[in-house]
Amino acid sequence: MKLNIESLVKSLKEQIKDVNFEPEVTEVGYVTSVSDGITKVQGLSLVGFNEVVEFDSGAIGIATNLEMNNTGVMLISKEHKVKQGEQVRRTKTFPKAPVGEQLLGRVIDPLGNPLDDKGPIEVQEYRNIETPAPGIIQRQGVSAPMYTGIKAIDTLFPIGRGQRELIIGDRKTGKTTIAIDSIINQKNVQNLGEEPIRCIYVAIGQKCSSVARIVQQLKDHDAMNYTTVVSATESAASQFLAPYFGCALGEFFRDSGKHALVIYDDLSKHAIAYRQISLLARRPPGREAYPGDIFFMHSKLLERAAQLSEKEGGGSLTALPIVETQAGDISSYIPTNVISITDGQIFLEENLFNSGIKPAINIGLSVSRVGYAASIKATKQVASSLKVKLAQYREMENFTKFGSDLNEDTKNILLKGRKLIESLKQDQLQPIPIHKQVITLYAHHSGYITSVPTEEISNFEKELLQHIEDKHENIEVILKEEKEISKNTEGKLDKIIKNFLKSFLSNNN
């Protein structure tokens, strides 16, 4: 009997030796008020900023406002109803986003739930939606181009991988079109043998019909294979979280040594959503009723775009934020904030759009501060003279408004400027590979377009590119591989364009 008791005691000791007898303390609070997606909670004195909390009803929230006596919690669950008096518990975790290649080709909400009809998404990894931006030592200078397929941008205001380029303009001036064209053009980039760029399009506060139309456009151009669409169409909370979710997904690709492009469409609505959340949480309003940290919210988001050093894997995350202006006023609060954060801006002007110039890029107010370092040599060879011609045209055009007589030199400058602007017009959803852009702009650079009637320039360029593709494909191959116009290539191009110009003019007379 004694042996049995000793054996039993020994067995019990073995079973309980790894048991932790330290008591686990769980901090529990309760809801004091609920209003429009913001709840006030008392009792969570140790909760951290942006910490996830869980309600008895199953709802999930984020602690966004830490005060002396209560905590403001932003609700991110739409299927659960929170009631006054309900218990709330800390989770000691922070918002995370599912990431991975499995999200490509999918339409999801800011929590990673699928919005398409392709079934559930199985991912293996999660990342915090907010992480510190890479430090200076972890980065390297922008050195590789991120082609949009738009002539006016790729040649005059080039964008590099890792850059933050703002697209800004009034409503209905083609901002989203530029973003979608940039995504579709990555198929052309892959065809050139370049490293494929994963794209994340974040739709903030848009109508469901608009998001559906964009998704269909991407499907029609086989661009959804390398694209994820994050749609936040409902609550202010989802609109606020959406860009951080998209950025976390882009960082996954960047930190894996790959290249990603994230588009925030648009940060104006994101700022409005954050203003709504802050006012409901009783934060002190600042300029235009925006909270005082709105600049910080956007800067810490956009600073995460970077070209990492080779030691860090050499991946990149390029950001194209979109901001809407009112009556072309780029000096208002949110536009000036984002302009000061980014590396340049593409300004779209309503007057140009209404006059038929699409994309309606204002050459004078647009700039790319670091993208020129990433341009290929061929682009620089043809673009330098074109910018001078456009600057001269803008200056001379202002004088013509006074109705004074014009000499031949002035008329010549105006004619060349009009023809160049006609050449920079581009149809929606038709991005052009960079080597074809170089060929058409070389015709302007060398003066061959002068003899082509302005109304025929578009046809001339299309037929010229088709002619070269059919009969002189070796020129395209040379430009793809060498990425510059050598003396030998220049001589061949001159001969091809001269002969084609003769036949084109004779056929159109």
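Every condition in (1) more than 26 Å from Ile334 (Cβ to Cβ); (2) in contact with a helix residue (DSSP H, G or I) (Cβ under 7 Å, 6 or more places away or on another chain) is met by Asp116 except one, and the failing one is (2). Consider segment 36-58 and keep the residues that are of a type in the set (Asp, Glu) and surrounded by 15 or more Cβ atoms within 10 Å (Cβ to Cβ). The one that is farthest from Thr93 (Cα to Cα) is Asp56.
Meeting the requirement of 3 or more residues that are of a type in the set (D, E, K, R), the helices (runs of 4 or more DSSP H) wholly within segment 331-410 are 377-400.
To keep it simple, each residue is scored yes or no on (1) aromatic (Phe, Trp, Tyr); (2) free of Cβ contacts under 8 Å to residues at least 24 places away in the same chain.
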position	(1), (2)
Phe94	yes, no
Pro110	no, no
Ile121	no, yes
Ala133	no, no
Gln138	no, no
Tyr147	yes, no
Arg164	no, no
Asp170	no, no
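For segment 64-170, the strands (runs of 3 or more DSSP E) that sit wholly inside it and include 1 or more residues that are closer than 26 Å to Asp222 by Cβ are 96-99, 166-169. Quick check: anything in segment 340-355 under 24 Å from Val452 (Cα atoms), touching a strand residue (DSSP E or B) at 6+ places or on another chain (Cβ under 6 Å) and not β-branched (Val, Ile, Thr)? No; the residues of segment 340-355 include none that is under 24 Å from Val452 (Cα atoms), touching a strand residue (DSSP E or B) at 6+ places or on another chain (Cβ under 6 Å) and not β-branched (Val, Ile, Thr).
Has segment 311-320 got any residue that is within 28 Å of Ile277 (Cα to Cα) and of a type in the set (Asp, Glu)? For segment 311-320, residues within 28 Å of Ile277 (Cα to Cα) and of a type in the set (Asp, Glu): absent.
In segment 303-327, which residues are in contact with a Ser or Thr (Cβ under 9 Å, 6 or more places away or on another chain) and more than 18 Å from Thr148 (Cβ to Cβ)? Correct list: Arg304, Ala306, Leu308, Gly313, Gly315, Glu324, Thr325, Gln326. Kindly establish whether Asn128 is of a type outside the set (Gly, Ala, Ser), within 26 Å of the chain's Cα centre (by Cα) and under 26 Å from Ser45 (Cα atoms). Considered against the rule, which asks whether it is of a type outside the set (Gly, Ala, Ser), within 26 Å of the chain's Cα centre (by Cα) and under 26 Å from Ser45 (Cα atoms), Asn128 comes out as yes.
When Glu303 is tested against (1) crowded, with 17+ Cβ neighbours inside 10 Å; (2) within 15 Å of the chain's Cα centre (by Cα), just one condition goes unmet, and that condition is (1).
Throughout, read-outs are computed from the coordinates displayed, never taken from laboratory work. Since the model is a prediction, treat every value here as computed from it, not as a measurement. Cβ atoms come from the backbone with ideal geometry, glycine included; neighbour counts cover every protein chain shown.
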